[in-house]
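Each remark here refers to the structure printed beneath this line.
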């Protein structure tokens, strides 16, 4: 086991990397455990790795590709000396200081790393429908990533399940390839923002199936495994079931926070999001464990934007820095916050 | 040896003439997770040289081959043994998990 670090950052989306840039510039020599490659948003770079054009991140008047934005943030953190490791945390112990973090075997007696402060920025990932055979159908007609898989459904009819911004964004993107995109939504109106709704209503390749829930995946068994051919859907108003055939089905029904690691150790809301701004502290990013901070989507189910995540990452970095100073772990706060 | 490139035109020859197992990485420029696993596959190619060979196929430019093997999501890795597809793996994962999946060929 190596020395006790000043700060360990778990997660590497806009929140984690912004925290890395700030703590690195403050000479706190942050260790960033960025996660491991995966095809969910639980991967280095986070949810933006599964998007295409980001139009609303300030400073990019022509827009910027999500993966490119994340790779630039990573470069920027590296430039100031952040120690970024492509590893996945398997266990944490936040009950005693220094805090302990395990990579690999969670039963190992010795933790892999220890730190005086921990910044949690593990983000959120897509919810699934939890219907039978779901996992094995992913990649065989079922997808959670339009930007990754849309290409393979050229001139086919596609279904998107969901009614929020990400569902509409996926559906709009998929019309580049598909002959028709049907949005299946359980209610009779969208949760998506006005601008996204307008875009969808204007797109003549997009149709809506309102008040409809998904009951079952329909698939054919083949030599290469099951292959999706559609959905059995249920109209909640009429009570009728029907079959909806589709070459591809994309699920965009929302997200859940990646907080399994912290169950029983950090205070959470009922929906699993971390609670920050704990009572008795002026630190907005503070969790209920003194010295542990959280930023980004793991503690935010309201705004969930790249820019709000980055902003909260900055706050967590400054909070961690002040905490270290208050505990005489560093001699002074180096991030200039008064101008 | 790092991963090399195959195309629709060279696919059959490269796969058919290999003595070792061949891992074909179906990828594209616009796929974030594909970029994440590219360096991992290069490492595996270098470390397991002689046991497996890693080749990359760009699905944008080589749609025939992607269609032929029913690729519907990327990254997809298909391992070919004696010219025949032996295992299909979908989605990006870390090096440890990838090596576990590939154990039977190493």
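Values as computed for the structure displayed
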{"item": "Search result, residues across the stretch A:29-62 that are closer than 23 Å to residue A:91 by Cα and away from chain B (no Cβ under 14 Å)", "result": "A:29, A:30, A:31, A:32"}
{"item": "Which listed residue, of A:107, A:68, is within 14 Å of chain B (Cβ to nearest Cβ) and without any contact (Cβ under 8 Å) to a residue 60 or more places away in the chain", "result": "A:68"}
{"item": "Qualifying positions in the stretch B:28-58 - facing chain A (nearest Cβ under 9 Å) and under 16 Å from residue A:50 (Cβ atoms)", "result": "B:28, B:30, B:31, B:32, B:33, B:34, B:35, B:36, B:37"}
{"item": "Filtered residues of the stretch A:28-61 (kept if surrounded by fewer than 24 Cβ atoms within 10 Å (Cβ to Cβ), without any contact (Cβ under 8 Å) to a residue 24 or more places away in the chain and either more than 24 Å from residue A:149 (Cβ to Cβ) or touching a helix residue (DSSP H, G or I) at 6+ places or on another chain (Cβ under 8 Å) (or both))", "result": "A:38, A:53, A:59, A:60, A:61"}
{"item": "Residue in the stretch A:4-14 that is within 13 Å of another protein chain (Cβ to nearest Cβ), buried (at least 18 other Cβ atoms within 10 Å of the Cβ), part of a loop (DSSP other than H, G, I, E, B) and in contact with a helix residue (DSSP H, G or I) (Cβ under 8 Å, 6 or more places away or on another chain) present", "result": "yes"}
{"item": "The listed residue being touching a residue at least 12 places away in the same chain (Cβ under 8 Å), assigned to a helix (DSSP H, G or I) and within 16 Å of residue A:117 (Cα to Cα), out of A:318, A:307", "result": "A:318"}
{"item": "Residues that are part of a loop (DSSP other than H, G, I, E, B), under 24 Å from residue A:190 (Cβ atoms) and under 17 Å from the mean Cα position of the chain (by Cα), drawn from the stretch A:246-272", "result": "A:252, A:253, A:254, A:271"}
{"item": "Residue within the stretch A:254-261 that is exposed (fewer than 15 other Cβ atoms within 10 Å of the Cβ), assigned by TED's automatic domain parsing to the domain that holds residue A:98 and closer than 30 Å to residue B:87 by Cβ present", "result": "yes"}
{"item": "Residue in the stretch B:18-27 that is touching a strand residue (DSSP E or B) at 6+ places or on another chain (Cβ under 8 Å), within 30 Å of residue A:65 (Cβ to Cβ), more than 14 Å from chain A (Cβ to nearest Cβ) and surrounded by fewer than 16 Cβ atoms within 10 Å (Cβ to Cβ) present", "result": "no"}
{"item": "Criterion (away from chain B (no Cβ under 14 Å) and without any contact (Cβ under 8 Å) to a residue 24 or more places away in the chain) met by exactly one of A:204, A:220", "result": "A:204"}
{"item": "Considering residues of the stretch A:155-174 that are touching a helix residue (DSSP H, G or I) at 6+ places or on another chain (Cβ under 9 Å) and part of a loop (DSSP other than H, G, I, E, B) only, the residue nearest to the other protein chains (Cβ to nearest Cβ)", "result": "A:162"}
{"item": "Residue identified as more than 10 Å from chain B (Cβ to nearest Cβ), closer than 25 Å to residue B:76 by Cα and surrounded by fewer than 23 Cβ atoms within 10 Å (Cβ to Cβ) among A:25, A:85", "result": "A:85"}
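Here's the yes/no breakdown for (1) surrounded by 16 or more Cβ atoms within 10 Å (Cβ to Cβ); (2) in contact with a strand residue (DSSP E or B) (Cβ under 8 Å, 6 or more places away or on another chain); (3) at the interface with another protein chain (Cβ under 7 Å from one of its Cβ atoms); (4) in a loop (DSSP other than H, G, I, E, B):
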residue: B:60; (1), (2), (3), (4): no, no, no, yes
residue: B:64; (1), (2), (3), (4): no, no, no, no
residue: B:67; (1), (2), (3), (4): no, no, no, no
residue: B:73; (1), (2), (3), (4): yes, yes, yes, yes
residue: B:78; (1), (2), (3), (4): yes, yes, no, no
residue: B:87; (1), (2), (3), (4): no, yes, no, no
residue: B:92; (1), (2), (3), (4): yes, no, yes, yes
residue: B:103; (1), (2), (3), (4): no, no, no, no
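The values are calculated or read from the model by the stated rules, or taken from the named source; none is laboratory data. As the structure is a computational prediction, the values presented were derived from the model and not from experiment. Neighbour counts are summed over all protein chains in view; Cβ atoms, including those assigned to glycine, are modelled from backbone coordinates with ideal geometry.
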